[in-house]
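The values are calculated or read from the model by the stated rules, or taken from the named source; none is laboratory data. Quick caveat: nothing in here was measured; it's all calculated off a predicted structure. Note that each Cβ is placed from the backbone with ideal geometry, even for glycine, and that neighbours are counted across all protein chains shown.
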Amino acid sequence: MSDKPKHARTKHNRISLQLAHGILLVAALTFSLSAPALAADGVKIDDLVVALSIPDAQREATLKAVRAFYDFWNTGDEALLKEAIAPNFTDHTLPPGRPQGPEGPAFASRRFRAAVPDLKVAVAKMIVAGNYITVHMNFTGHFTGRFGQTQGKGQPVPFIATDLVKIENGRITDNWHIEDNLTLLQEMGVAKVD
């Protein structure tokens, strides 16, 4: 029998039980927030993190739009853009020569796939927080076409990119993106760094 009074043992047991419940809750939340995911027939998503505060309907609409957008980048299927982006889509980091609006991503994909026809994308990390989604991607493919004056020789051209997209009414309205263009251009033989 313990030397502690009964009320002290009971209080200690209650605190231990609350602590155990807290640990289980944190473990459950961590699992639900960060679980590997694969779209059924679409782009591979290695790590999907979704804020638990997002209502179910909003979460589903958001995931449908972003999956369609990255399925588009993975396949080049422009029909997926209609599911993904809004008519008022704005590219906030628009490269020179790319049209603004919904035509921009289609233009970029067509141009890049002329150089890298087997372009694929895998999503390494997707974080959904309210109306904003951060996506870190790994692109792969082989440079067999032309890029400017340079003819590909079949060399692999893996590179990374990160997007921040905004969703409204189940469609992507805004995109801020950055690509590791220096690595890509070096792999293509277009840029040399000494």
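Within region 67-79, the set of residues being surrounded by fewer than 22 Cβ atoms within 10 Å (Cβ to Cβ) and either among the hydrophobic types (A, V, I, L, M, F, W, C) or assigned to a strand (DSSP E or B) (or both) comprises just one member, A79. Taking the listed residues I127, I172, I160, the one that is under 20 Å from A191 (Cβ atoms), assigned by TED's automatic domain parsing to the domain that holds K44 and outside any helix (DSSP H, G or I) is I160, with no other qualifying. Restricting T162, T173, T144 to residues that are more than 26 Å from D47 (Cα to Cα) and β-branched (V, I, T) narrows the list to T144. Can you find a residue that is out of contact with any strand residue (DSSP E or B) (no Cβ under 8 Å at 6 or more places or on another chain) and outside any strand (DSSP E or B) anywhere in region 137-144? Among the residues of region 137-144, at least one is out of contact with any strand residue (DSSP E or B) (no Cβ under 8 Å at 6 or more places or on another chain) and outside any strand (DSSP E or B), which makes the answer yes. Scanning region 124-144 for residues that are touching a Phe, Trp or Tyr at 6+ places or on another chain (Cβ under 9 Å) and either of a type in the set (A, V, I, L, M, F, W, C) or more than 15 Å from N74 (Cβ to Cβ) (or both) yields M126, V135, M137, F139. So, A35, is that one modelled with pLDDT under 50, closer than 29 Å to F139 by Cβ and out of contact with any His (no Cβ under 7 Å at 6 or more places or on another chain) or not? For A35, the condition - modelled with pLDDT under 50, closer than 29 Å to F139 by Cβ and out of contact with any His (no Cβ under 7 Å at 6 or more places or on another chain) - is met.
Within region 93-107, residues that are under 14 Å from I172 (Cβ atoms) reach no partner that is among the acidic types (D, E) and loosely packed, with under 12 Cβ neighbours inside 10 Å with beta carbons closer than 8 Å at six or more positions or on different chains.
When region 54-70 is filtered for residues that are free of Cβ contacts under 8 Å to residues at least 60 places away in the same chain and in contact with a strand residue (DSSP E or B) (Cβ under 9 Å, 6 or more places away or on another chain), the ones remaining, listed by number, are Q58, R67, A68.
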